[in-house]
Each structure stands twice: as structure tokens, then as C-alpha cells.
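The values are calculated or read from the model by the stated rules, or taken from the named source; none is laboratory data. Since we're looking at a predicted model, the values are computed, not measured. Virtual Cβ from ideal backbone geometry, glycine too; neighbours counted across all protein chains shown. In case anyone asks, the SASA skips ligands and DNA or RNA and just uses the protein heavy atoms, side chains included. Shrake-Rupley method; radii C 1.70, N 1.55, O 1.52, S 1.80 Å.
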Amino acid sequence: MTQPMPLQRLLTIMKTLRDPQVGCPWDRKQTFATIAPYTLEETYEVLDAIERQDYAELRDELGDLLFQVVFYAQMGQEQGLFDFDQVCNAISDKLERRHPHIFGEAEAVDSAAVSARWEQLKADERAEKALHSALDDIPNALPALMKAHKIQKRCAAVGFDWNTLGPVVGKVYEELDEVMHEAQQAVVDEQKLEEEIGDLLFATVNLSRHLGHKAEKALQVANRKFERRFRQVEEIVQSRGLTMQEATLEQMEEAWQQVKRLEN
């Protein structure tokens, strides 16, 4: 018997899992909303495999992520909304439409010209959908740092942005001062304090963007660096016959500085 093509095999497995008579009870009861958290989890697992350069693991994680797409397509087909072929055609049409220098008559001299045209084409598409704000169609579910970056990038595209670094840095200091002002009140308004902390984070994302970096990635790097150093501090403290709970803050700080010196 001829083996089905890999993609068709996956689609058939998915259809069987959702079959009302013979399907899996867990798969049958899922909805778009209940599957969404798994999609986010699988996406982060793909990113983790890439970060670790574990390409065998990446292959498997990409399969898990593809299964999420197939799952949504199957549910869409069951409800008469869309099917897998329509999902594929939609992205194919979009890619051809947004690359007229490849699939059409337009020309592009460099990557900057391609990016500029890409943004203009997306703006035209938003206008066709009656999405008239530059901020329309930014997903609410994006991680906060990523969403802040995208909001700022959209605003910059229509000219609402500083063109020098000075005011950007000044805004960070201004927001930090406002955070400290609220934090030092005799009776702290926690809601106001939270709002000011958010403004500080937003301003910091803008600084990162102006410097050519994405705050989400920069913070991931910082997280990994802190975790690596902290684990080494734990080892140093343990080598001295102490637990972290037994060590004083001064002892832990001394170990932290030792780790930093070794890294440098």
C-alpha cells in the first residue's frame, strides 16, 4: 500500500482524532479557546530549541506547532469557517501580494526599500479592512514588551516619534522620577504606582527600539545571564558549607561579585 504524503497523513490523523464516533475524547472536546494556551506553549518551546541550537528537538517542536495549525483548521472546517487549504492559500496570497518585487512588476534596490514597501502594503490592507488607525490589528494577546515595541514602531511609521536619542533618554528619566514620586508618598496609591511603572517600562522599550534592539530579546538575555550567575552563587555558597537560607546577604553579594569577576 502506498504511504500517504506526510501532510495528508497528519490531516487524516487530526480528522480521526476529532471524529464524533471513534475520535479521542480529549481532542473532541477542545475548542479554539481551549487550544490557544497550548499554541503559546508550543511556540515558546520552538524558540527555546532555537536558542539552545538543538535542531533535533527543533524538528519535533516544529511538528508540535504545525499540529496546532492543523487542529485549528480541522475545527474551522467542522464549523464551516475555513479549512486547511484555505489557510495555506491565504498566506500564499499574502506573501505574493507583499512581495511585488519578486512576484510582480515592482523593483526593490535593497532590504530597506523592501521593508518600507512591506509596511505600506500592510497599511493599505488595513485601510481595505476599514482599519483606519495605525494601531488597528495589533494583537491584544502579544507579550507586553513585544506589543509596546509594535505600537511604537507603528507610531514611528506615521511620524509620531523623536528623531534624536536625547528626548528618548530624557523620557526614561522623567518616568523613573514619577515612579519614585508615587512610591515615596505617605499613603501609596498602588494603582497609580502600577501605572507609572508601566510608563517607565514603555519608555524603556522605546529607548531599546531607538538603539536598534527589541526589549523582549534583551530582557531574555538578561534573564539568562542572571540565572547563570545565580546558579554559580548557589554553588559557591554550598561549597562553603552553607545553604542559601543560612548565608547572609553580604556573603551572597560577595559570591555574586566573585562570579562577575570570573566572567570578566
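Just so you know, the Cα atoms of the chain work out to an Rg and Dmax of 25.0, 79 Å. Within straight-line reach of LYS147, meaning a Cα separation under 14 Å, sit the following aspartates and glutamates at least 8 residues removed in sequence or on another chain: ASP136, ASP137, ASP199, GLU216. Solvent exposure of the stretch 196-264, expressed per residue, is 71 Å² of accessible area, with all protein chains present and a 1.4 angstrom probe.
Normalised by the number of residues in the stretch 1-91, the average gap of Cα pairs under 8 Å and 6 or more apart makes the relative contact order 23 percent.
The share of accessible area on the chain that comes from carbon and sulfur is 57 percent, using a 1.4 angstrom probe. Rg over Rh for the stretch 195-249 works out to 1.23, using Cα positions for both radii and the Kirkwood form for Rh. Note on MET14: accessible area is roughly 0 Å² with a 1.4 Å probe, heavy atoms of protein only.
With a ≥ b ≥ c the root eigenvalues of the C-alpha gyration tensor of the stretch 19-119, is it rounded (a/c under 1.5), prolate (a/b larger than b/c) or oblate?
Oblate, since a/c reaches 1.5 and b/c is not below a/b.
Rolling a 1.4 Å probe over the protein heavy atoms gives the stretch 1-71 an accessible area of 72 Å² per residue.
Treat the stretch 85-185 as a sphere of radius equal to its Kirkwood radius over Cα pairs and apply Stokes-Einstein at 10 °C in a medium of 1.306 mPa s; give the translational diffusion coefficient in µm²/s, rounded to a whole number.
Diffusion coefficient, whole number: 95 µm²/s.
For TYR55, the accessible area of its heavy atoms, probed at 1.4 Å with every protein chain present, is near 140 square angstrom. Once both labels are positioned 7 Å from their Cα atoms along Cα-to-Cβ, the gap between ASP189 and ALA123 label points is 3.7 nm. Each Lys or Arg adds one and each Asp or Glu subtracts one; over the other residues with Cβ under 10 Å from the Cβ of SER208, this totals +2. Using C-alpha pairs under 8 Å with a sequence gap of at least 6, the mean separation divided by the residue count of the chain gives a relative contact order of 9 percent.
Compared with the dominant principal axis of the Cα atoms in the chain, helix 32-52 is inclined by about 60°.
Rounded to the nearest 10 square angstrom, PHE32 shows an accessible area of 60 square angstrom against a 1.4 Å probe.
Run the numbers for ALA112 and ALA90: contour at 0.36 nm per residue of separation, minus the present Cα-Cα distance, in nm. Length gained between ALA112 and ALA90: 5.4 nm. Summing +1 for each Lys or Arg and -1 for each Asp or Glu among the other residues whose beta-carbon sits under 14 angstrom from that of ASP19 gives +2. For GLY76, what charge total do you get from the other residues with a beta carbon under 14 Å from its beta carbon, if Lys and Arg give +1 and Asp and Glu give -1? Combined, the nearby Lys, Arg, Asp and Glu give -1.
Among TRP162, TRP26, TRP118, the residue with the largest mean-square fluctuation in a Gaussian network model of the chain, with springs joining Cα atoms closer than 10 Å, is TRP26. Take every pair of alpha-carbon atoms less than 8 Å apart whose residues are at least six positions apart; their mean separation over the length of the stretch 116-218 yields a relative contact order of 27 percent.
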